[in-house]
Amino acid sequence: MKFLIPVTLLASSILATSAFAAGQDSPWYAGVSGDMSFPRSTTVTGTTSGNIKYKFSSGGNIEFGYEPQMLGNATGDVRLEAEGGYHAFGLKDVTHGGVTNSSPTGDLKVMTLMGNAYYDLHTGTSFTPYVGAGVGDAHVTFGRNNGFGATSSSDNRLGYQFMTGVSYTPASMPHTDWSLGYRYLGTTSPQFTTATGTDKFSAIHASNIELGFKYHF
């Protein structure tokens, strides 16, 4: 995730400059989140056939959002967000040609660029339940030593996600939100080129429990 650090710093600087110009009613915020991922197993068809099971995995996201309800101190519920994400699903075992490898060393990486929309249910307290959905690009990479050949391959597919959870705004830090939520991440079926041809994977699905932090400029 090293590539996310300079992106985060650059984007945060841009947003901070915009926020300074806009004043206290700026609708912008930036955030980060980390999660525990539970990816579903994947079936493989094509020149080879088999099944892949994944280990308990993890990932993270950086978000830059806009809350139009904050303009003019108006009260609203909808916010919009641009988000970059990274997840690496380690391989638990790979069944290929009827033979199971219980110690593969590769992984399946999913890098996403999403546009999200959220609906916040304001309760008049420090706690705010939310629901959201997103759609965008998913760059899926199947790494080396993956049990299906020695080549590394990648594919770009449609990515989508659904989110729900609750955020908390401490009275002592009113410009921050701390959240606990659930994220369902999916992609359409990727295809990869291996040493023997092309393999088609079933759609990628992962359930994620996440912790997040947002700062409102």
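The values are calculated or read from the model by the stated rules, or taken from the named source; none is laboratory data. Please read all numbers here as calculations on a predicted model, not as lab measurements. So basically every Cβ, Gly included, is an ideal-geometry build from the backbone, and we count neighbours across all protein chains shown.
There is at least one residue in segment 193-205 that is of a type outside the set (S, T, Y), in contact (Cβ under 8 Å) with a residue 60 or more places away in the chain, in contact with a Phe, Trp or Tyr (Cβ under 9 Å, 6 or more places away or on another chain) and surrounded by fewer than 20 Cβ atoms within 10 Å (Cβ to Cβ).
If you go through segment 183-193 one residue at a time, do you hit one that is part of a strand (DSSP E or B), modelled with pLDDT of 95 or more and in contact with an Asp or Glu (Cβ under 6 Å, 6 or more places away or on another chain)? Yes, because at least one residue in segment 183-193 is part of a strand (DSSP E or B), modelled with pLDDT of 95 or more and in contact with an Asp or Glu (Cβ under 6 Å, 6 or more places away or on another chain). In segment 92-116, the residue that is modelled with the lowest pLDDT out of those that are touching a strand residue (DSSP E or B) at 6+ places or on another chain (Cβ under 6 Å) and aliphatic (A, V, I, L, M) is V94.
In segment 98-127, the residue that is surrounded by the most Cβ atoms within 10 Å (Cβ to Cβ) out of those that are closer than 30 Å to P174 by Cα and over 26 Å from the mean Cα position of the chain (by Cα) is T123.
If I go through segment 142-168 residue by residue, how many of them are of a type in the set (V, I, T) and at pLDDT 65 or above? The number of residues fulfilling the criteria is 2.
Summed over segment 50-69, residues that are assigned to a loop (DSSP other than H, G, I, E, B) and either at pLDDT 90 or above or exposed (fewer than 15 other Cβ atoms within 10 Å of the Cβ) (or both) total 2.
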